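Working notes, beginning with the structure itself.
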Amino acid sequence: MSEKLQHVLILAHPGHELRIHHWLELKKPRIYLLTDGSGSRHSARTQYSRDVVDAAGATAGAVFGDIPDAAWYKALLARDSGIFADVLARISVDVSDMRDVQVVSDAVDGYNPMHDLAYAFGAALNRLLQSTRPGCKQLCSAAVPDVSGVAEVEIQLDSAARARKMAAVKAYMPLADEARQILVRDPQCFDRELLISQHFDWDAPWTPEWERIGKERVANKLYDRCITYRENVQPVAQKLMSESDRNNVSRKVRRLPSRA
């Protein structure tokens, strides 16, 4: 990747940036966090991520963990795409000063609907940017192990970078248990960082793991209802894609020369 590139990172939850901590130090991206990481019962963990971002020399974007998880899930269940379109607009305005942009996002993993939608935000933003600027392939950082995709960038961490990453993870107290679980499943996560590419078809049918688990919890009366891909997530992702296409068309129209 060209050293002239400016980097944008769109993540679903605070803490995902730890997976590519050294990449943050190298590329110093502008980072957007969709949720505050509060989940259904926990407090926000945005400040922990702000500390990580600042220490790495990266920049917090205009959307940085200011919307609770519950608000996103409520909007999904209500099939209200307004919050999604608004956030896409806020991000696109915030990157309007950037040129030669590389968009990186969470990967589609079927583990959490907001992970999958972070990928959709990245895809929509990349389409918007390509209407006026040189295009780059969207890349992804998987928030969990064993996510499918084509390896595009691999960074081997030296001892100093590894030590800084381990210290950042250890200081991120709300994710201590999750970090231990990931380390067990992916022992190399402190030795290397990987960016992948994916080609996800939002028009195709799919049943992600998070939907299967949600339906089980409804059946066990733990939830009253659950988010599904077809009824809730797929329409929002398609709306984000259509928003990027609509804005691309309007930009092209504005660039048409006036007739004499």
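Values for this structure:
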| item | result |
| --- | --- |
| Answer from R133, R127 - the residue that is open to solvent by 10 Å² or more (accessible area, probe 1.4 Å) and free of Cβ contacts under 8 Å to residues at least 40 places away in the same chain | R133 |
| Which listed residue, of D191, D177, is open to solvent by 90 Å² or more (accessible area, probe 1.4 Å), under 25 Å from H21 (Cβ atoms) and not β-branched (V, I, T) | D177 |
| Selection count where residues are closer than 17 Å to A78 by Cα and either in contact with a Pro (Cβ under 9 Å, 6 or more places away or on another chain) or open to solvent by 100 Å² or more (accessible area, probe 1.4 Å) (or both), scope the range 216-227 | 3 |
| Residue in the range 4-46 that is farthest from the chain's Cα centre (by Cα), counting only those that are part of a helix (DSSP H, G or I) and under 20 Å from D94 (Cβ atoms) | K27 |
| Any chance S105 is open to solvent by 10 Å² or more (accessible area, probe 1.4 Å), of a type in the set (S, T, N, Q), in contact (Cβ under 8 Å) with a residue 40 or more places away in the chain and within 23 Å of H199 (Cα to Cα) | no |
| Qualifying positions in the range 108-124 - open to solvent by 10 Å² or more (accessible area, probe 1.4 Å), assigned to a helix (DSSP H, G or I) and among the aliphatic types (A, V, I, L, M) | A123 |
| Selection count, the range 221-243, where residues are of a type in the set (K, R) and under 18 Å from the mean Cα position of the chain (by Cα) | 1 |
| Yes/no for R162 being touching a Ser or Thr at 6+ places or on another chain (Cβ under 6 Å), open to solvent by 20 Å² or more (accessible area, probe 1.4 Å) and assigned to a helix (DSSP H, G or I) | no |
| Selection from the range 141-151 of residues that are loosely packed, with under 15 Cβ neighbours inside 10 Å and either of a type in the set (A, V, I, L, M, F, W, C) or farther than 21 Å from Y111 by Cα (or both) | V150, A151 |
| Qualifying residues in the range 49-62 (those that are surrounded by fewer than 20 Cβ atoms within 10 Å (Cβ to Cβ) and in contact with a Phe, Trp or Tyr (Cβ under 8 Å, 6 or more places away or on another chain)) - the one farthest from A118 (Cα to Cα) | R50 |
| Sole exception among (1) closer than 20 Å to C189 by Cα; (2) assigned to a helix (DSSP H, G or I) for A71, by number | (1) |
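Conditions tested, residue by residue: (1) over 23 Å from M98 (Cα atoms); (2) among the hydroxyl-bearing types (S, T, Y); (3) outside any loop (DSSP other than H, G, I, E, B).
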residue: G135; (1), (2), (3): no, no, no
residue: F200; (1), (2), (3): yes, no, no
residue: D203; (1), (2), (3): yes, no, no
residue: G214; (1), (2), (3): yes, no, yes
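The values are calculated or read from the model by the stated rules, or taken from the named source; none is laboratory data. Worth saying up front: this structure is predicted, and the values here are computed from it rather than measured. Every residue, glycine as well, gets a Cβ built from its backbone with ideal geometry; the counts of neighbours run over all protein chains shown. Surface areas here come from the heavy atoms of the whole protein model, side chains and all, with no ligands, DNA or RNA. Shrake-Rupley method; radii C 1.70, N 1.55, O 1.52, S 1.80 Å.
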